[in-house]
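In what follows, a structure is listed as structure tokens, so that the remarks can point back to it.
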Amino acid sequence: LTYILAHERNLFAHAESQTRQAWEPILTGRLRDKTLGIVGVGSIGAVVAQLFKGLGLTVLGYTRSSQNSADVDQYFYPPSGLIEMAAACDYILNVMPSTPASTNLLNASIFKAMRPSALLINAGRGTAIVDDDLIAALNDGEVAGAVLDVFREEPLPADHPYWTTPNCVVTPHMAAPSYPEDVLPIFHANYLRFIEGQPLNYVVDFEKGY
């Protein structure tokens, strides 16, 4: 939400104008009538859908199986659903885990389908994006901007092109920090279930990878 608002309100452009002491009124956008596409509508994606639906956006979801969010207006599925969804979105957010199915999912075919005004946000895993394809799309203006919080190699090397690619924002894998006050109740509830021999919450399926 932070970066979508910054994108619509041109905050980075205003900051750049200020460094030049230049009075440059820039027409801002708005969230009204915009569409968000969520790549991966699991537990995280469902919460994001609820937030943006409450702000009045149309919410689309790309998923292999989950259809349990009442806040998603329309679902799209493999193999061609992601291209169809990308063409309809103003913002695309990836929150998928790293699995064979998600690797290189966001590539040149997706970026060419996106609107030139669209913003891509990756808060899932770096393996989802074909880096060279995204860099080319940003340089060519096929995509308006990208906010990247996760990468194939972390820390991101100092000589990586992302640092200097136009309209690319790099953040150091900190989109959703875990605070002790949030983690402890989950651990405590699962600990009680464990010692009582009950099924645990939030169990990872190692076959699926999440």
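The values are calculated or read from the model by the stated rules, or taken from the named source; none is laboratory data. Remember, predicted model here, so these are calculated numbers, not experimental data. Cβ: placed from backbone, ideal geometry, glycine included. Neighbour counts: every protein chain shown. Areas reflect the complete protein model, heavy atoms only, side chains present, ligands, DNA and RNA absent. Shrake-Rupley method; radii C 1.70, N 1.55, O 1.52, S 1.80 Å.
When you scan the range 45-58, do you find a residue that is within 24 Å of D131 (Cα to Cα), aromatic (F, W, Y) and in a helix (DSSP H, G or I), even just one? There is no residue in the range 45-58 that is within 24 Å of D131 (Cα to Cα), aromatic (F, W, Y) and in a helix (DSSP H, G or I).
Results for (1) surrounded by fewer than 17 Cβ atoms within 10 Å (Cβ to Cβ); (2) part of a loop (DSSP other than H, G, I, E, B), shown as yes or no for each residue.
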position	(1), (2)
T127	no, no
E142	no, yes
R152	yes, yes
L156	no, yes
D159	yes, yes
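Within the bounds of the range 187-198, is there any residue that is of a type in the set (G, A, S) and either assigned to a loop (DSSP other than H, G, I, E, B) or touching a Lys or Arg at 6+ places or on another chain (Cβ under 6 Å) (or both)? Checked against the condition, which is being of a type in the set (G, A, S) and either assigned to a loop (DSSP other than H, G, I, E, B) or touching a Lys or Arg at 6+ places or on another chain (Cβ under 6 Å) (or both), the range 187-198 yields at least one hit. Restricting G56, G37 to those that are surrounded by fewer than 13 Cβ atoms within 10 Å (Cβ to Cβ) and either within 30 Å of T103 (Cβ to Cβ) or in contact with a Leu (Cβ under 9 Å, 6 or more places away or on another chain) (or both) reduces the list to G56. Going through the range 11-34 one residue at a time, which ones are out of contact with any helix residue (DSSP H, G or I) (no Cβ under 9 Å at 6 or more places or on another chain) and either farther than 17 Å from V147 by Cβ or surrounded by 11 or more Cβ atoms within 10 Å (Cβ to Cβ) (or both)? Across the range 11-34, the qualifying residues are A13, H14, E16, S17, Q18, T19, R20, Q21, P25, L27, R32, D33. Among the numbered criteria (1) surrounded by 15 or more Cβ atoms within 10 Å (Cβ to Cβ); (2) more than 15 Å from I121 (Cβ to Cβ); (3) in contact with a helix residue (DSSP H, G or I) (Cβ under 7 Å, 6 or more places away or on another chain); (4) of a type outside the set (D, E, K, R), which single criterion is violated by P166? So P166 meets the others, but not (1).
Going through (1) in a loop (DSSP other than H, G, I, E, B); (2) over 23 Å from T35 (Cα atoms); (3) of a type in the set (A, V, I, L, M) one by one, A136 falls short only on (1). Just so you know, in the range 18-44 the residues that are closer than 19 Å to L1 by Cβ and in a helix (DSSP H, G or I) include one that is nearest to the chain's Cα centre (by Cα), and it is I44.
Within the range 79-99, is even one residue within 21 Å of R125 (Cβ to Cβ), assigned to a helix (DSSP H, G or I) and at pLDDT below 95? No - not one qualifying residue is present in the range 79-99.
So that you can scan it fast, the table gives a plain yes or no per residue for (1) free of Cβ contacts under 8 Å to residues at least 60 places away in the same chain; (2) surrounded by 10 or more Cβ atoms within 10 Å (Cβ to Cβ); (3) closer than 30 Å to L5 by Cα:
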position	(1), (2), (3)
H173	yes, yes, yes
V183	yes, yes, yes
H188	yes, yes, no
I195	yes, no, no
D205	yes, no, no
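For first residues located in the range 102-113 and of a type outside the set (D, E), partners that are open to solvent by less than 10 Å² (accessible area, probe 1.4 Å) and part of a loop (DSSP other than H, G, I, E, B) and lie 6+ apart or on another chain with Cβ distances below 7 Å form the pairs F111/V143. Selection of the range 77-105 for residues being open to solvent by less than 30 Å² (accessible area, probe 1.4 Å), over 22 Å from F12 (Cα atoms) and either among the β-branched types (V, I, T) or in contact with an Asp or Glu (Cβ under 8 Å, 6 or more places away or on another chain) (or both) yields V95, T99.
Within the option set Y210, Y162, being in contact (Cβ under 8 Å) with a residue 60 or more places away in the chain and of a type outside the set (D, E) holds for one residue only, Y210.
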